[in-house]
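*Asks:* Pasting a structure below so you can have a look.
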């Protein structure tokens, strides 16, 4: 009786393991293929497309050395991406946490109204306001400027929502004690609440940095001269109907994933919390 | 760090006459905190939304714009735009069909007692979500290329089928877009459902087991109903994601140029009229139609799920 049950369970386990192994292969396969292709000469890709064939004689590092040659723009795009991602993430977290904190902790007149506005932003697809935003960016002289990419989305609804939830769950008894001790409202936020919200900051930092690093449509609209582009936009310009620059495209794609993968390996927990943040609606 | 300035600080804040003390008061502080949101909301949301409505009734040429009533909307009454609506709708519907039930079942599987290496699989399935659409699109475009040696063609010829022009065919092209969507989103949607499963207490399952419920009964009678809130959430973001799809198609078809517009989406049409043809009024009208469609579907869907009912 008992042994029958155990074998039944282990059969289930084997089947589940097989299923998930197949899915894991499906998930990793395209990235591995890309990584292999980055070591093949570009002509080989042009002739045979992307595949798994490995000819040891043909393997080369030239795609990677070419990536960093001064006549290519890849390094410039990389720098732009790093700068935009960093600036965006820092400002976004600072501003959004302030707003979320205030909505959670203070009772003031427009609190509920403002929170409804936050929800409304989340309910409108941003694509529909791209044209007026573009006109706005022109009149503010933000076209072809990294601030044009950053400013319109720097106070973001999802982090506000998340920080509000998080701050709402923190104990508030000692806030009055801090006030009696002479701490100002801003001191309370920066010196007491911010450290307490550190886990929320980690999750949101990863979410926002990833979104900014991979962002496409808005930067595509705002940035137009080659030396201002970010990695995704720069790479996309290499695919044209008249021929593709595989040398940069493939190795450049691999090099764009690497930092994200490294951060992911070390901070998985925060990735997963950040990415599922929207689902925590109470 | 030290708390020495306490006394002076209290004196400062209680001095009611100066502006700085007003700024530091508990009444004003919340407004200072939310000020960035108020500015950003007005400038980068409210103004563009209102302006999108106005623009959709205008003909806009550099330097001037004039009202032309519903002409932009009349112009949208054309086969290409219908095709874009159809493409976006079919894509959205199929992603909903694939990317809700399958991840839900996978989450239940991965959460089951017999499963091992849970964290490994959870992380591995999540990895595609880390890639940008540009990188993912590049990979899929080349893997589904029409060359004899491309990944998919070597694969199906090995199985004895004819090689295909994957992206040149309406249905195969759609299939490629769906595989790409599944690749990027399967792991995330599974995570959402797993997060939902954490909130279901073990006791519910245990008491069901005492009542003699089998695995399937437990899944249909406990797991699915209790995952309803998270399912509604995933459903809603999938509708928005589906109708907003643009970059995937942009990457697979190198720009907005798919043969016979088989990959043209609503946002693709917006991009074409607004930027490629510089017809800002028409582009704005596309945006308004898109807004109307997503609102109607979301409203209907929330009604169907009974979210507006007063129970619970």
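*Asks:* Full-extension gain between residue B:65 and residue B:20, please, as 0.36 nm times their residue separation minus the C-alpha to C-alpha distance. Walk me through the numbers on the way to the answer.
*Replies:* Working: separation 45, 0.36 × 45 = 16.20 nm, distance 4.57 nm.
The residue B:65-residue B:20 span can extend by a further 11.6 nm.
*Asks:* While we're here: How far apart, in nm, are two points set 7 Å out from the Cα along the Cα-to-Cβ line at residue A:192 and at residue B:215?
*Replies:* Between residue A:192 and residue B:215, the label points sit 5.2 nm apart.
*Asks:* Can you tell me which of A:144-153, A:157-166 comes out highest on packing, and rank the rest after it, using the mean Cβ neighbours within 10 Å? Show your work: numbers first, answer last.
*Replies:* Working: A:144-153: 19.5, A:157-166: 23.4.
Listed from highest to lowest mean packing, they are A:157-166, A:144-153.
*Asks:* For region B:124-184, what does the relative contact order come out to in percent, with C-alpha contacts under 8 Å and a separation of six or more?
*Replies:* Numbers: 45 pairs, mean separation 17.3, N = 61.
Value for region B:124-184: 28 percent.
*Asks:* While we're here: Using only C-alpha positions, report the orientation-averaged shadow area of the convex hull of the protein assembly as shown, nm², one decimal.
*Replies:* Numbers: hull surface 139.2 nm².
One quarter of the hull surface, i.e. the mean projection, equals 34.8 nm².
*Asks:* Would you mind telling me which residue in A:114, A:34, A:93 has the biggest mean-square fluctuation in a Gaussian network model of chain A, where springs connect alpha carbons within a distance under 10 angstrom?
*Replies:* A:114
*Asks:* Could you tell me the relative contact order of region A:2-65? Use alpha-carbon pairs under 8 Å, at least six residues apart, and round to a whole percent. Please list the in-between numbers first.
*Replies:* Working: 27 pairs, mean separation 19.0, N = 64.
Over region A:2-65, the number comes to 30 percent.
*Asks:* Output needed for region A:123-255: three equivalent-ellipsoid semi-axes, defined as square roots of 5 times the C-alpha gyration tensor eigenvalues, in descending order, whole Å.
*Replies:* Calculated on Cα positions only, the semi-axes equal 40, 18, 13 Å.
*Asks:* Based solely on its DSSP helices, what 222 nm [θ] is calculated for chain A when runs of n ≥ 4 H residues each add -39,500 (n - 2.57) and the sum is averaged over all residues, nearest 500 deg cm²/dmol? Write down the numbers at each step before the final one.
*Replies:* Working: 13 runs with 189 residues, N = 282.
Roughly -22000 deg cm²/dmol at 222 nm, from the helical runs in chain A.
*Asks:* Give the order of A:174, A:189, B:219 when sorted by the count of other beta carbons within 10 angstrom, beginning with the fewest.
*Replies:* Working: A:174 11, A:189 20, B:219 16.
Listed from fewest to most nearby Cβ atoms, that is A:174, B:219, A:189.
*Asks:* For every helix of n ≥ 4 consecutive DSSP H residues, a contribution of -39,500 (n - 2.57) applies; sum these over chain B, divide by its total residues, and give [θ] at 222 nm rounded to the nearest 500 deg cm²/dmol. Walk me through the intermediate numbers first.
*Replies:* Details: 17 runs with 197 residues, N = 312.
Roughly -19500 deg cm²/dmol at 222 nm, from the helical runs in chain B.
*Asks:* Between residue B:260 and residue B:159, how many nm apart are label points set 7 Å from Cα along the C-beta direction?
*Replies:* Rounded to a tenth, the inter-label distance reads 2.4 nm.
*Asks:* Shape call for region A:2-65 from the C-alpha gyration tensor, a ≥ b ≥ c root eigenvalues: rounded (a/c under 1.5), prolate (a/b greater than b/c) or oblate? Kindly include the intermediate steps, with their values, before the conclusion.
*Replies:* Values: a/c = 4.60, a/b = 4.35, b/c = 1.06.
Judged from the Cα gyration tensor, region A:2-65 comes out prolate (a/c at least 1.5, a/b above b/c).
*Asks:* Here's something else I'd like to know. Assign one of three labels to region B:157-305, namely rounded, prolate or oblate, based on the Cα gyration tensor with a ≥ b ≥ c the square roots of its eigenvalues; rounded applies when a/c is under 1.5, prolate when it is not and a/b is larger than b/c, and oblate otherwise. Write down the numbers at each step before the final one.
*Replies:* Working: a/c = 3.61, a/b = 1.68, b/c = 2.15.
Cα axes put region B:157-305 in the oblate bin.
*Asks:* Using a/c under 1.5 as the rounded threshold, could you call chain B rounded, prolate or oblate? The axes a ≥ b ≥ c are square roots of the C-alpha gyration tensor eigenvalues, and prolate needs a/b larger than b/c, oblate otherwise. Show your work: numbers first, answer last.
*Replies:* Working: a/c = 1.92, a/b = 1.12, b/c = 1.72.
Because a/c hits 1.5 or more and a/b fails to exceed b/c, chain B counts as oblate.
*Asks:* Where the centroid of each part is defined by its Cα atoms, how far is region B:127-161 from region A:246-274 in Å?
*Replies:* Taking the Cα centre of region A:246-274 as reference, the centre of region B:127-161 is 20 Å away.
*Asks:* Taking every pair of alpha-carbon atoms in region A:186-282, what share in percent sits in each 10 Å bin, from 0 to the bin with the longest distance?
*Replies:* Using 10 Å bins, I get a P(r) of 13, 31, 29, 19, 6, 1 for region A:186-282.
*Asks:* So, one more: Tell me, what is the percent relative contact order of chain B, built from C-alpha pairs under 8 Å that lie six or more residues apart? Let's see the in-between values first.
*Replies:* Values: 295 pairs, mean separation 78.7, N = 312.
For chain B, the relative contact order is 25 percent.
*Asks:* What residue among B:194, B:152, B:266 has the largest mean-square fluctuation in a Gaussian network model of chain B, using Cα springs under 10 Å?
*Replies:* The residue that fluctuates most here is B:152.
*Asks:* Report the FRET efficiency, 1/(1 + (r/R0)^6), for residue B:228 and residue B:32, where r is their Cβ-Cβ distance and R0 is 45 Å, rounded to 0.05. Show your work: numbers first, answer last.
*Replies:* Details: r = 40 Å, r/R0 = 0.89.
So, using R0 = 45 Å, E works out to roughly 0.70.
*Asks:* So, one more: Can you figure out the FRET efficiency of residue A:86 with residue B:43, using R₀ = 22 Å and their beta-carbon distance, to the nearest 0.05? Show your work: numbers first, answer last.
*Replies:* Values: r = 23 Å, r/R0 = 1.06.
It comes out at approximately 0.40.
*Asks:* Could you list log10 I(q)/I(0) for chain A at q = 0.12 Å⁻¹, which the Debye formula gives when each Cα is one point scatterer?
*Replies:* -0.94
*Asks:* Right, another one. Report the extension gain between residue A:47 and residue A:13 in nm, rounded to one decimal, defined as 0.36 nm multiplied by the number of residues separating them, less their alpha carbon distance.
*Replies:* Values: separation 34, 0.36 × 34 = 12.24 nm, distance 4.37 nm.
7.9 nm is the gain from fully extending residue A:47 to residue A:13.
*Asks:* May I ask you to sort B:35, A:18, A:131, B:178 by Cβ crowding, counting other Cβ atoms within 10 Å and putting the fewest first? Don't skip to the end; give the middle numbers.
*Replies:* On the way: B:35 15, A:18 10, A:131 30, B:178 18.
Ordered by Cβ neighbours within 10 Å, fewest first: A:18, B:35, B:178, A:131.
The numbers here are math on the coordinates, done by the rules we state, and not lab data. Computed from a predicted model, the values in this text were never measured in an experiment. For neighbour counting, all protein chains shown are included, and Cβ atoms are generated from backbone atoms with ideal geometry for every residue, glycine included.
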